[in-house]
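See below for the structure under consideration.
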Amino acid sequence: MAKPKYYLTTAIAYASGKPHIGNTYEIVLADAVCRFKRMQGYDVYFQTGTDEHGEKIQLKAKEAGKTPQQFVDDVSAEIKRIWDVMDTTYDCFARTTDPVHMKKVQRIFEKLYEQGDIYKGEYEGMYCTPCESFFTESQLVDGKCPDCGREVHPAKEEAYFFKMQKYAPKLMEYIESHPKFIWPESRKNEMVNNFLKPGLQDLCVSRTSFDWGIPVSFDKKHVVYVWLDALTNYITFPGYDPDGAHGDLYKKYWPADVHLIGKDILRFHTIYWPIFLMALGEPLPEQVFGHPWLIMSDGKMSKSKGNVLYADELAEKFGVDAVRYFVLHEMPFASDGVISYDLIIERINADLANILGNLVSRTVSMVDKYFDGVIRAPGKTEPVDEDLKAVCLAAPAKAAAAMDEMRVADAIDEVFAVLRRANKYIDETQPWVLGKPDGDHDRLATVLYNLCESIRFAAVLIAPFLPKTAEKMLAQISADKKDFDSLSAFGGITPDSRVGEKEILFARIDAEKMKAEIEAQQKAEAETKEPENVITIDDFAKVSLSAAEVTACERLEKSRKLLKLQVESKTGARQIVSGIAKWYAPEDLVGRKVLIVDNLKPAKLCGELSEGMILAGDNKNGDIKVIFADDLDTGAEVH
């Protein structure tokens, strides 16, 4: 009999920099879900990866002195390394610079254009570079991006658009008839009330202001906008073919069972993505789960605040499974979770060291002490045994039900209910009394067997969340029945087997000592860390600055923000295109001397050659002020 299939994806991580622990939470959550499904007997396909195109990446690559491809190669490798550090078991690591994906995206764009869903037009609106999204004035929040809260700027360019409203009624009908398509329910209400009911605008699906993207095959000055490129990874990598010759993986696993994403990109996955699929004639995913954020106790993580935590650094301090446990257990179902060093230490000591580690250590030690390491067959029983067994036997179904609802923290609580009940059982049965020379050794054999069996139940159930810890727990009690189905009955440990070598699973952390070490490390790093974007004198020497006289100036018809200037510099006449039209009229500049970078590599802006850069400064109110140098001779060098 074939196993039931289960296809889960994470959002693909944007390859702009190293992911922090909040970003990493998603892959750990996805891994826990997939491990649990495999344990239940599902045929799982788990896909993650990196989103590698867009203006933000092109700009960051330039800042780093790399080509965009070199930049994303390095960042993608770092993201993959961290996913591996966190012991995640993905089946496919997708990269949107993959040539096969790029070719399929081009064909998808062609197909949507050919059937009339995409048309050519012009876009004018407020643009957020980090989110790579356009917004109308009414969509802004306090004049800033509604998604990330950053500054936006006016932008106008030729673009291709997707007819969103054409499919909006069909999508609304689908959402109403599939109540768990958007989950949790609060996320569904947000999407329906804030976006669908007010009416969808046509979506910009190409850009011309940068070129780091997948070229539109029939109009090469356009690149496919990041969301049409990125979202289609969920089908292109398993083998979707726009012309119908789908691969075996696609036929087997699509539609996806769950798209696991952060709540900040819910709109793209629950409105744009299903509409794209409807236009392509493909079935929609079963569910889009918008998980909450993991934030610092002093607010959202940001490099500017200096409060960013990274998964690999936390794992080095506390261990991979301890970090996995914290992020999985401390994240509420629908509201944001909080992380700090204090909270991590507290949770490790209270749960992992005291409850889990102490139970395993005490049990193995008692089997060693009283029965020379042999787990004897149960002998005399008492009513208290039945209560322990009942808690163990109920835990698998309760944990599975919680996982079906994506309530991962609740599933972990069911495992700890077994551990807590086993610890209480030790107090109730007092094996140290039973183990005395004149004690009841038959009863002791039952108690210790039941404790080992309880540990087996807990280890099997906790394996999706703490995989390495589960292996160590099972090894210490020499359990040979380790599958989920074996938890249907109590008594899976073979009598007369020997316990394994005792190992401390989680040592208690001296909180004050650990925090002092962390503070000292942070202080040392701050003292030795170079400020960002520091250059050497040799770097500065490469930049040639000089005074140049503006001999002519005019506006560019193709752009509202660009001026075309003719200047006389130390190397003769040259042309410079500058984005200062909002602040200066051509007559304000003619006859004036300005400072220019005169060894800048020439570039084309709106089809005009620009052979340098004019120096200007930003005022707090957003105004741009050109740095004039009327007292300098034409061609004078600036040192």
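The values are calculated or read from the model by the stated rules, or taken from the named source; none is laboratory data. Keep in mind that this is a model prediction, so the values were computed, not measured. Methodologically, a virtual Cβ is constructed for each residue, glycine included, from the backbone with ideal geometry; neighbour enumeration extends over all protein chains shown.
Just wondering, is there one or more residues in region 509-526 that are under 19 Å from residue 368 (Cα atoms), touching a residue at least 40 places away in the same chain (Cβ under 8 Å), out of contact with any strand residue (DSSP E or B) (no Cβ under 7 Å at 6 or more places or on another chain) and of a type in the set (Val, Ile, Thr)?
no
Which members of region 594-630 meet the condition of being part of a strand (DSSP E or B) and either farther than 29 Å from residue 143 by Cα or among the basic types (Lys, Arg) (or both)?
The answer is 594, 595, 596, 597, 603, 604, 608, 609, 610, 613, 625, 628.
Tell me whether region 506-515 contains one or more residues that are over 30 Å from residue 358 (Cα atoms) and outside the structural domain of residue 367 (by TED's automatic domain parsing).
No, there is no match, as no residue in region 506-515 is over 30 Å from residue 358 (Cα atoms) and outside the structural domain of residue 367 (by TED's automatic domain parsing).
Which one is surrounded by the most Cβ atoms within 10 Å (Cβ to Cβ), of the residues in region 48-100 that are polar (S, T, N, Q) and over 29 Å from residue 118 (Cβ atoms)?
88
Looking at (1) part of a helix (DSSP H, G or I); (2) at pLDDT below 95, can you tell me which one residue 450 breaks?
(2)
Here's a check for you: in region 101-132, which residue that is without any contact (Cβ under 8 Å) to a residue 24 or more places away in the chain and surrounded by fewer than 20 Cβ atoms within 10 Å (Cβ to Cβ) is farthest from residue 246 (Cα to Cα)?
In this case the residue turns out to be 114.
Condition first: touching a helix residue (DSSP H, G or I) at 6+ places or on another chain (Cβ under 9 Å) and in a loop (DSSP other than H, G, I, E, B). Can you find one or more residues in region 389-399 that meet it?
No, that holds for no residue.
Residue 633 versus (1) modelled with pLDDT under 90; (2) part of a strand (DSSP E or B): which is the lone unmet condition?
(2)
Residues checked against (1) crowded, with 22+ Cβ neighbours inside 10 Å; (2) closer than 26 Å to residue 147 by Cα; (3) free of Cβ contacts under 8 Å to residues at least 40 places away in the same chain; (4) not basic (Lys, Arg):
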site	(1), (2), (3), (4)
211	no, yes, no, yes
216	yes, no, no, yes
223	yes, yes, no, yes
246	no, no, yes, yes
252	no, no, no, no
263	no, yes, no, no
282	no, no, no, yes
295	no, yes, no, yes
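Right, residue 147: assigned to a loop (DSSP other than H, G, I, E, B), touching a residue at least 24 places away in the same chain (Cβ under 8 Å) and not aliphatic (A, V, I, L, M) or not?
Considered against the rule, which asks whether it is assigned to a loop (DSSP other than H, G, I, E, B), touching a residue at least 24 places away in the same chain (Cβ under 8 Å) and not aliphatic (A, V, I, L, M), residue 147 comes out as yes.
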